[in-house]
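Quick notes on the structure that follows.
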Amino acid sequence: MFVLLLILIVVLLGFGFLHPFWWVAAAVLVYAATRHGRDRGGGQGPGGGSDLGEYQGYRERRDREERWNRRYSRQNRARWRREDRRDREHGR
């Protein structure tokens, strides 16, 4: 999407040499694109570029979820084994 927008802006700037109206159209498009990017949270974030920041956020969430799963799956496994032992003892 970004590449198409960039190509459109370059084409409009090129047409601007034929008629200045196209330069105005390109300027409006650049303004709208930067405004839209800021509204969506784009631009430079705490992690550098927006893609890098998004990846770091994803990686932190993934690591947190893995730690949670490891921690509680071990506890659940132990609990399930205890319950199975109890069931076998009471079942005999």
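Between Glu66 and Asp87, what is 0.36 nm times their sequence separation minus the Cα-Cα distance? Round to one decimal in nm. Numbers along the way, then the final one.
Working: separation 21, 0.36 × 21 = 7.56 nm, distance 3.06 nm.
Extending this stretch completely gives an extra 4.5 nm.
Report the full-extension gain for the segment Gln75 to Leu6: residue separation times 0.36 nm, less the Cα-Cα distance, to one decimal in nm. Please report the intermediate quantities before stating the final value.
Working: separation 69, 0.36 × 69 = 24.84 nm, distance 5.29 nm.
Once the chain is fully extended between Gln75 and Leu6, it gains 19.6 nm.
Bear in mind these aren't lab numbers, they're just calculated from the coordinates by the rules spelled out. All values reported here derive from a predicted model rather than from experimental measurement.
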